[in-house]
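The values are calculated or read from the model by the stated rules, or taken from the named source; none is laboratory data. Remember, it's a predicted structure, so these values are computed and weren't measured experimentally. A quick note on method: Cβ atoms are made from the backbone with ideal geometry, for glycine too, and the neighbour counts reach across all protein chains shown. Note: accessible area is taken over every heavy atom of the protein model, side chains too, but ligands, DNA and RNA are not part of it. Shrake-Rupley method; radii C 1.70, N 1.55, O 1.52, S 1.80 Å.
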Amino acid sequence: MTMNLFNQFLSPTFLGLPLIAIALMAPCLLYPSPAPWWQSNRWTTLQNWFIGSFIKQILSPINTKGHSWALLLATLMVFLITLNTLGLLPYTFTPTTQLSLNMAFAVPLWLATVIMGFRNSPTHALGHLLPEGTPTPLVPTLIIIESISLLIRPLALGVRLTANLTAGHLLIQLVSSAAFSLLLSQTTAASLAVGLLLLLTILEIAVAMIQAYVFVLLLSLYLQENV
Amino acid sequence: MMSRLVILSANSLKGSGPFGAGLVHASRSLHTSSQSRAPVPPLPETGGKVRHGIFPEEIFQLLYPKTGVTGPYMLGTGLITYLLSKELYVINNETLSAICIFSVIIYGVKKFGPSVAAFADKLNEEKLAKAQEVKDLAMSGLTQAIENEKKEQWRVEGRAMLFDAKRNNVAMLLETNYRERLHMVTNEIKRRLDYQIALQHLNRRLEQEHMINWVEKSVIGSITPQQEKESIAKCIADLKMLAKNTQAKATV
């Protein structure tokens with residue numbers, strides 16, 4: 001049973017050929033490309049509106065120099081939301097449940113912000129390691145604590161996304177298998193489980209979108225600190 | 001819906017990507033089609049018709065001649081039965097989660113679909129309205145310019161009259177000025193002449209008075225006392241005679 005539960009997280013292969021590339025590229029087919037005519041259809045308008053308002057909101061606290069990250073953050077957001085929400089469909093593989101993928105997003109981007117901060121204004125970046133107004137005896141301890149928290153950030157980013165999605169998917173599997181096995185013998189309990197499954201599904205949709213948003217938001221915060 | 005999406009995305013990918021450009025423009029470079037970029041053919045207003053949200057209407061039309069109205073439904077039912085009976089699709093826990101997620105999705109689309117579509121339409125309408133406003137402003141500006149131009153042309157016609165009136169004005173001013181100066185000159189000359197006349201009169205009067213005074217003085221000087229007495233006696237005798245005459249006339 002345990003083996004069965006985690007099978008959904010195995011990187012998909014077909015006759016020995018890895019399908020992970022298709023799993024990562026396929027979602028972009030769902031989005032309309034900008035058409036050469038002036039007034040777009042509803043999909044394109046909504047897509048444009050969504051990306052526009054999202055970027056406007058996320059980049060508002062960042063100064064002009066950080067606005068060059070707009071394309072990266074928008075792409076990241078759209079990609080993560082698509083992967084997360086598509087993974088909720090049955091028999092699909094969610095790439096964002098793989099820690100390797102999430103770390104591959106988190107570490108380079110976080111490191112980029114840190115290196116940018118240290119390169120442009122090293123004293124300001126080092127100053128982040130000590131909060132204002134700390135009593136003098138606490139200063140060494142606090143610097144160590146703050147640097148540990150700085151170094152843990154990429155780990156936290158990646159693991160947060162992975163853990164949330166993996167936990168969600170596992171819960172869905174568990175509750176649905178419980179409901180399924182109870183379906184014929186104890187139907188009332190099964191209906192309760194189905195109710196739970198419905199609520200869980202709604203939660204998972206919300207979590208999928210929120211986790212993607214949180215990932216990008218935290219990156220923008222790190223950017224704001226360092227730019 | 002998904003099939004429609006795939007077709008749409010495939011269409012959009014056709015024009016993009018490394019092979020896409022070649023595919024689209026192959027016919028154009030070989031001049032096999034009479035395609036030209038303008039005028040652009042009109043786009044369909046709405047998407048393709050679908051039944052039950054995912055199945056395109058074309059399938060129903062395709063199967064209608066052979067199997068009638070219920071054909072596609074029978075096809076669907078038969079397909080599902082085949083998959084289930086041959087256990088090609090096994091009902092397991094994922095089926096339950098599939099039922100849940102699809103019911104949530106369908107509920108969401110049915111409830112929020114029209115409002116989201118209206119929102120997207122509103123965004124498009126605003127974009128169109130902005131462009132329309134620019135166009136309308138330009139048109140009204142140009143019509144205003146045409147009217148102004150016509151008015152200017154009408155004004156030009158009356159320009160000759162304006163010039164005549166101005167010319168008359170100026171001529172009148174000049175005339176008035178000339179007459180004023182003429183009057184002034186006349187008055188000045190008259191004054192000078194009057195002065196000369198007055199001077200002459202004065203001179204003559206002075207001469208006259210002087211002459212009279214001289215004559216009187218010489219006459220009075222020439223009268224001797226003897227003559228004076230004689231003349232006084234004569235005057236008295238004349239007066240007596242005159243008195244006598246008048247008395248006589250009075251009594252008569």
Being open to solvent by 60 Å² or more (accessible area, probe 1.4 Å) and more than 23 Å from A:F93 (Cα to Cα) narrows it down to one residue among A:I148, A:I210; which is it? A:I148
Would a scan of segment A:1-19 turn up a residue that is open to solvent by less than 50 Å² (accessible area, probe 1.4 Å), of a type in the set (A, V, I, L, M, F, W, C) and within 18 Å of the chain's Cα centre (by Cα)? yes
Could you tell me which residue of segment A:88-100 is surrounded by the fewest Cβ atoms within 10 Å (Cβ to Cβ), considering only residues that are without any contact (Cβ under 8 Å) to a residue 12 or more places away in the chain and of a type outside the set (S, T, N, Q)? A:Y91
Matching entry among A:L161, A:L203, A:L196, A:L174 (being assigned to a helix (DSSP H, G or I) and more than 14 Å from chain B (Cβ to nearest Cβ)): A:L161
Cβ-Cβ under 6 Å, sequence separation 6+ or interchain: first residue in segment A:201-217 and within 18 Å of B:Y107 (Cβ to Cβ), partner in a helix (DSSP H, G or I) and open to solvent by 40 Å² or more (accessible area, probe 1.4 Å). Which pairs? A:A208/A:T85
Answer from A:I81, A:I55, A:I51 - the residue that is over 26 Å from A:M116 (Cα atoms), under 19 Å from the mean Cα position of the chain (by Cα) and at pLDDT 90 or above: A:I81
Based on this model, can you work out whether A:I81 counts as among the β-branched types (V, I, T), within 30 Å of A:F50 (Cβ to Cβ) and more than 14 Å from chain B (Cβ to nearest Cβ)? yes
Under the condition of being assigned to a helix (DSSP H, G or I), open to solvent by less than 90 Å² (accessible area, probe 1.4 Å) and among the hydrophobic types (A, V, I, L, M, F, W, C), which residue from segment A:29-58 is farthest from B:P44 (Cα to Cα)? A:I58
Subset of segment B:69-117 (residues that are in a loop (DSSP other than H, G, I, E, B) and either more than 13 Å from chain A (Cβ to nearest Cβ) or open to solvent by 60 Å² or more (accessible area, probe 1.4 Å) (or both)): B:V69, B:T70, B:K86, B:E87, B:L88, B:Y89, B:V90, B:I91
Which of the residues spanning segment A:176-207 are in contact with a helix residue (DSSP H, G or I) (Cβ under 7 Å, 6 or more places away or on another chain), closer than 30 Å to A:L101 by Cβ and surrounded by fewer than 22 Cβ atoms within 10 Å (Cβ to Cβ)? A:S177, A:A178, A:F180, A:L196, A:L198, A:L200, A:I202, A:I205, A:V207
Whether any residue in segment B:184-203 is open to solvent by less than 80 Å² (accessible area, probe 1.4 Å) and touching a Phe, Trp or Tyr at 6+ places or on another chain (Cβ under 9 Å) is what I want to check. no
